[in-house]
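One structure is given below, encoded as structure tokens.
The values are calculated or read from the model by the stated rules, or taken from the named source; none is laboratory data. Everything quoted here is computed from the prediction, not taken from an experiment. Note that we place each Cβ from the backbone using ideal geometry, even for glycine, and neighbour counts take in every protein chain shown.
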Amino acid sequence: MAHKSAQLPLVEPEDADPLARQVYEDAEKRFQMVLNIFKVTGHAPEMAAPMWNIFFEILSEGQVDWYTKELLILKSTNMGDCLYCVTQHEVVAEKLGVTPEKQKDIVGQVYKDSPHYSDKERAILDLCSHMCVDPEGIPAEVWSKVKSYYDDGQIVEIVATVGAYIQVSKFGDALGVQLEDVFAQHQPRLFKVQAPKSPAARKHLQHFLDAQKTA
């Protein structure tokens, strides 16, 4: 277990329990690598499989297309100040066709007037924003717009996506899971537009940028 997160050692594939190893294999098939956040769950293999199965479902075409779900992931993890999640999903989203320009406009309220976003996308980004701040206080007009574009099954998938990424971003940040080396030279987009709000997240971002200068 050579690599470590801030709080727990990572369980590498060669040291993993058979249950965790199966999760790693599924992750590698899907993402071409086993991310550090998967490796930290190797300590609890019985939980790893059910925990990650929902993310395997989210990160695929469903009742809502994967491209749209990436917008929700970027919005929710950016609002949650999660450098780990945002960095990875800036890369994933671009591979799915979300341009860097569109990504940058998701920050704050910019998407509301951005030519890169449709009214349909704005509706669920409004919903996502309210979920991150006050899920019980989502205005009726926000729900009305969402329901005008999406059916009940799609709405469940939208809310599940946002909820799952609020959860996993807090999980990863609490354990201090570090970005993989493959992302080391990635240039931040969302956090370049607007710096993280929390002091800890700003410190992580600065450390990440400083490391790029010395690499």
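In table form, for the structure just shown:
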| read-out | value |
| --- | --- |
| Cβ-Cβ under 7 Å pairs, at least 6 apart or on other chains, segment 26-40 side in the same structural domain as residue 16 (by TED's automatic domain parsing), far side in a helix (DSSP H, G or I) and of a type in the set (Gly, Ala, Ser) | 34/27; 35/27; 37/172; 38/27 |
| Matching helices (runs of 4 or more DSSP H) fully within segment 33-150 where at least 3 residues are polar (S, T, N, Q) | 66-79 |
| Check on residue 144, among the polar types (S, T, N, Q), within 20 Å of residue 109 (Cα to Cα) and out of contact with any Lys or Arg (no Cβ under 7 Å at 6 or more places or on another chain) | yes |
| Count of segment 118-133 residues which are surrounded by fewer than 17 Cβ atoms within 10 Å (Cβ to Cβ) and of a type in the set (Ser, Thr, Tyr) | 1 |
| Qualifying positions in segment 119-140 - touching a helix residue (DSSP H, G or I) at 6+ places or on another chain (Cβ under 9 Å) and over 22 Å from residue 80 (Cα atoms) | 119, 120 |
| Residues of segment 33-50 satisfying the condition of being more than 23 Å from residue 83 (Cβ to Cβ) and charged (D, E, K, R) | 46 |
